[in-house]
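Written out below as structure tokens is the structure these notes cover.
The values are calculated or read from the model by the stated rules, or taken from the named source; none is laboratory data. Worth saying up front: this structure is predicted, and the values here are computed from it rather than measured. Here the Cβ positions follow ideal geometry from the backbone for every residue, glycine too, while neighbour counts run over all protein chains shown. Keep in mind that these areas ignore ligands, DNA and RNA; they rest on the heavy atoms of the full protein, side chains included. Shrake-Rupley method; radii C 1.70, N 1.55, O 1.52, S 1.80 Å.
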Amino acid sequence: GCELTASTKSYTFQVDKEDDSDHILALSVVCLTDGAKDECNVVEVIGRNHENQEIAVPVANLKLSCQPLLSLDNFKLQPPVTFRLAAGSGPVHLAGWHQIMHREDASFEEDDDLSEEEELPPIMPAKK
């Protein structure tokens, strides 16, 4: 997780460029924490689209008196990604999880037992 405030308006999550694993970052909850004012706090996610252009998308608009917490149901993102407090002074806490999927060696051989099909006995009509 991370916390965005008036003094720390952004946080970037990135992985090592030499890492050939697949990474998924999932955002679960965005919430206001102690000391938040009753003002609109807009959190944006800044990433890259399929054309590798930077895009910013607002994902939460929190206000202490009406919506202090938002569940994002594991909103999946591909690093690198930046979270930015676009409006308000926070503090806003972001929580989620990071999954690393190691790529398997593509030169493995299939197990013969799994590739052979079992022959099933023929279906017989029911006896009356």
- Task: Answer yes if at least one residue in segment 74-84 is touching an Asp or Glu at 6+ places or on another chain (Cβ under 8 Å) and aromatic (Phe, Trp, Tyr), and no otherwise.
- Result: yes
- Message: I need every pair where a residue in segment 9-22 that is among the β-branched types (Val, Ile, Thr) has its Cβ under 6 Å from the Cβ of a residue that is surrounded by 11 or more Cβ atoms within 10 Å (Cβ to Cβ) and modelled with pLDDT of 90 or more, sequence separation at least 6 or different chains.
- Response: 12/82
- Is segment 74-83 home to any residue that is of a type outside the set (S, T, N, Q), open to solvent by 50 Å² or more (accessible area, probe 1.4 Å), touching a residue at least 60 places away in the same chain (Cβ under 8 Å) and in a strand (DSSP E or B)? no
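Which of the residues belonging to segment 14-40 are polar (S, T, N, Q) and either out of contact with any Pro (no Cβ under 9 Å at 6 or more places or on another chain) or within 15 Å of residue 82 (Cα to Cα) (or both)? I'd like the intermediate steps shown before the answer.
First, pick out the residues of segment 14-40 that are polar (S, T, N, Q): 14, 21, 28, 33.
Hits for segment 14-40 are 14, 21, 28.
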- Query: Within the set of pairs 6 or more residues apart or between chains, which connect a residue that is modelled with pLDDT of 85 or more inside segment 88-105 to a residue that is surrounded by fewer than 10 Cβ atoms within 10 Å (Cβ to Cβ) and part of a loop (DSSP other than H, G, I, E, B) with Cβ atoms less than 8 Å apart?
  - Reply: 91/34; 91/35
- Message: Name the single residue that is nearest to residue 93 (Cα to Cα) among those in segment 1-22 being open to solvent by 20 Å² or more (accessible area, probe 1.4 Å) and part of a strand (DSSP E or B).
- Response: 3
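Can you pull out every residue in segment 38-73 that is charged (D, E, K, R), part of a strand (DSSP E or B) and farther than 24 Å from residue 15 by Cβ? Reasoning before the result, please.
Initially, segment 38-73 is screened for residues charged (D, E, K, R), giving 38-39, 44, 48, 51, 54, 63, 73.
If we keep only those that are part of a strand (DSSP E or B) as well, we get 44, 48, 54, 63, 73.
Correct list: 63 only.
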- Mind checking which residues of segment 11-36 are in contact with a strand residue (DSSP E or B) (Cβ under 8 Å, 6 or more places away or on another chain) and of a type in the set (D, E, K, R)? 22
